[in-house]
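Have a look at the structure below, then the notes.
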Ligand code: TYC
């Protein structure tokens, strides 16, 4: 059997490796309406109404919570879109990324 060279072996390992994942975190504040946060969770993070309510209340009581887990580009796009919508409505909602592990 033909032995692959070092560069080819490296490419093969990287093709098998999972991409790094990032948590999108919602941060609590005193001004963003609960209804808006629930809407964001259903629209951008594809949560059911019940799950969105649960996550929103967890953030409200605990200060932050996970909206979803995605690859870097997808997570960054969601942060940009959610902050854009929040600001266009005049809300201070903060959304950030953190590496999953
Ligand atoms: N604390 C807000 C309120 O009482 C609701 C809220 C929840 C805001 C989650 C932001 O990420 C948030 N209206």
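Nothing in this text is a laboratory measurement; each read-out follows from the coordinates by a stated rule. All of these numbers come straight from a predicted model, not from anything done at the bench. Reconstructed Cβ throughout: ideal geometry from the backbone, glycine too, with neighbour counts over all protein chains shown.
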Jot down the per residue volume, in cubic angstrom and as a whole number, of the convex hull over the alpha-carbon atoms of the chain. 119 Å³
Mean Cβ count within 10 Å, highest first, over the residues of peptides 50-56, 16-22: 50-56, 16-22
Could you give the length gained on full extension between residue 16 and residue 62, defined as 0.36 nm per residue of separation minus the Cα-Cα distance, in nm? 12.8 nm
